[in-house]
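Q: Just dropping this structure here.
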């Protein structure tokens, strides 16, 4: 989903920065707040950030014969919400832009928007909705992480299509071309990411369900029924 | 264990799909990010020139893979550390409660 350095013309790179920076700024504020008020969540914050670090470094081959990478933002979005996750995603994107020539500093705004904001927002609401409709916790996590990953790549396609409308057919024709590259390649990767995130979430529930309960990520009833099922 | 097996199953299918496609078809397995560049040059008739270049580009594929591996290693280290820490913490709490109960029953 990285839009390469210099590949977003004026005014698009400014627009995406203008949309992303306020979110990240508020995310920093929220992150400071949570670190001060709830020190017991700090390890989970580190694990969620590290999870993004690991997953976004794995470039995996897909059925389309090209490689892409998962985003890892689903877990942070479920536990800490999109605001804080946007900060963690931006840190990863800066690392990759500066040291790896992956993505770029001029496209950082757009990339933060797709990976750090759009994806996590989708993941967050999918999780809430799935839990409300009574799905199994891990199925909910799977769906949230998978769709967060996929939404990220859809948004990247939209960003590129808006900046490069086709001469004949305009934005929609471009969108089709970019979505062919990103969205289809991403389907198998998103499924794997969903499964791995669900597994990771299971370990966190096993070890620190108390923190998840306090943060209201899961309800006491959900934990009870999971414990009964495993007993 | 069920979730572990399901995840393993999904990963096996994923690898099998890759093995099948890479042995039956000819692909470059390049990055999707780079392919988007090709689409851009098709759409603009090759006129678009990036107006800014990466401030640092890894001098070789080896260095690049080193930095990617470093990224993954840092992340895994943090995850492993805290999950191990939590696990030990849970074990110690269990042991402490067990000892407490034993003390009560002796008294």
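The values are calculated or read from the model by the stated rules, or taken from the named source; none is laboratory data. Because the structure is a prediction, the values reported are computed rather than measured. FYI the Cβ positions are ideal-geometry reconstructions off the backbone, even for glycines, and counts take in every protein chain you see.
Q: Filter region B:31-69 for residues that are out of contact with any helix residue (DSSP H, G or I) (no Cβ under 8 Å at 6 or more places or on another chain), within 16 Å of residue A:100 (Cα to Cα) and not in a helix (DSSP H, G or I) and give the result.
A: Passing the criteria: B:31, B:52, B:53, B:57, B:59, B:60.
Q: Here is a further query. Among the candidates B:9, B:30, single out the residue that is within 7 Å of chain A (Cβ to nearest Cβ) and either in contact with a strand residue (DSSP E or B) (Cβ under 7 Å, 6 or more places away or on another chain) or closer than 30 Å to residue A:197 by Cα (or both).
A: When all the criteria are applied, what remains is B:30.
Q: For region A:183-199, which positions are at the interface with chain B (Cβ under 7 Å from one of its Cβ atoms), more than 18 Å from residue B:16 (Cα to Cα) and within 15 Å of the chain's Cα centre (by Cα)?
A: The one that is at the interface with chain B (Cβ under 7 Å from one of its Cβ atoms), more than 18 Å from residue B:16 (Cα to Cα) and within 15 Å of the chain's Cα centre (by Cα): A:198.
Q: So, one more: Kindly provide the set of residues from region A:77-92 that are more than 9 Å from chain B (Cβ to nearest Cβ) and over 14 Å from residue A:211 (Cα atoms), ordered by number.
A: Of everything in region A:77-92, those that are more than 9 Å from chain B (Cβ to nearest Cβ) and over 14 Å from residue A:211 (Cα atoms) turn out to be A:77, A:81, A:82, A:83, A:84, A:85, A:86, A:87, A:88, A:89, A:90, A:91.
Q: Residue check: is residue B:76 in contact with a helix residue (DSSP H, G or I) (Cβ under 7 Å, 6 or more places away or on another chain) and either surrounded by 15 or more Cβ atoms within 10 Å (Cβ to Cβ) or at pLDDT below 90 (or both)?
A: yes
Q: Considering A:169, A:134, A:123, A:116, which residue is free of Cβ contacts under 8 Å to residues at least 60 places away in the same chain and within 12 Å of the chain's Cα centre (by Cα)?
A: Only one candidate passes the filter, namely A:123.
Q: Going through region A:63-100 one residue at a time, which ones are under 21 Å from residue A:138 (Cβ atoms) and surrounded by fewer than 21 Cβ atoms within 10 Å (Cβ to Cβ)?
A: A:81, the sole residue that qualifies.
Q: Still on this structure: When you look at residue A:174, is it within 8 Å of chain B (Cβ to nearest Cβ) and surrounded by 16 or more Cβ atoms within 10 Å (Cβ to Cβ), yes or no?
A: yes
Q: I would also like to ask the following. Out of A:65, A:104, I need the residue that is at the interface with chain B (Cβ under 8 Å from one of its Cβ atoms), free of Cβ contacts under 8 Å to residues at least 12 places away in the same chain and either in contact with a strand residue (DSSP E or B) (Cβ under 9 Å, 6 or more places away or on another chain) or part of a loop (DSSP other than H, G, I, E, B) (or both). Which one?
A: Of A:65, A:104, the one residue that is at the interface with chain B (Cβ under 8 Å from one of its Cβ atoms), free of Cβ contacts under 8 Å to residues at least 12 places away in the same chain and either in contact with a strand residue (DSSP E or B) (Cβ under 9 Å, 6 or more places away or on another chain) or part of a loop (DSSP other than H, G, I, E, B) (or both) is A:65.
Q: For the subset of region A:136-150 comprising residues that are part of a helix (DSSP H, G or I) and surrounded by fewer than 24 Cβ atoms within 10 Å (Cβ to Cβ), which member is farthest from the other protein chains (Cβ to nearest Cβ)?
A: That would be A:147.
Q: Does any residue of region A:224-231 turn out to be under 28 Å from residue B:86 (Cβ atoms), at pLDDT below 90 and either in contact with a strand residue (DSSP E or B) (Cβ under 7 Å, 6 or more places away or on another chain) or outside any helix (DSSP H, G or I) (or both)?
A: Within region A:224-231 (the criterion being under 28 Å from residue B:86 (Cβ atoms), at pLDDT below 90 and either in contact with a strand residue (DSSP E or B) (Cβ under 7 Å, 6 or more places away or on another chain) or outside any helix (DSSP H, G or I) (or both)), the answer is yes, since at least one residue qualifies.
Q: Assess whether residue B:60 counts as being modelled with pLDDT under 95, over 30 Å from residue A:208 (Cβ atoms) and either within 8 Å of chain A (Cβ to nearest Cβ) or exposed (fewer than 10 other Cβ atoms within 10 Å of the Cβ) (or both).
A: Yes, satisfied.
Q: Something else about it: Quick one: residue A:60 ticks every box in (1) surrounded by fewer than 22 Cβ atoms within 10 Å (Cβ to Cβ); (2) more than 26 Å from residue B:34 (Cβ to Cβ) except a single one, so which number is it?
A: So residue A:60 meets the others, but not (2).
Q: What is the number of the single condition among (1) surrounded by fewer than 16 Cβ atoms within 10 Å (Cβ to Cβ); (2) part of a helix (DSSP H, G or I); (3) within 11 Å of chain B (Cβ to nearest Cβ) that residue A:202 does not meet?
A: Residue A:202 satisfies every listed condition except (1).
Q: Can you go through B:88, B:72 and tell me which one is part of a helix (DSSP H, G or I) and more than 7 Å from chain A (Cβ to nearest Cβ)?
A: Matching residue, one of B:88, B:72: B:88.
Q: Considering each residue of region B:42-54, count those that are exposed (fewer than 15 other Cβ atoms within 10 Å of the Cβ) and more than 7 Å from chain A (Cβ to nearest Cβ), and give that number.
A: Number satisfying all stated conditions: 5.
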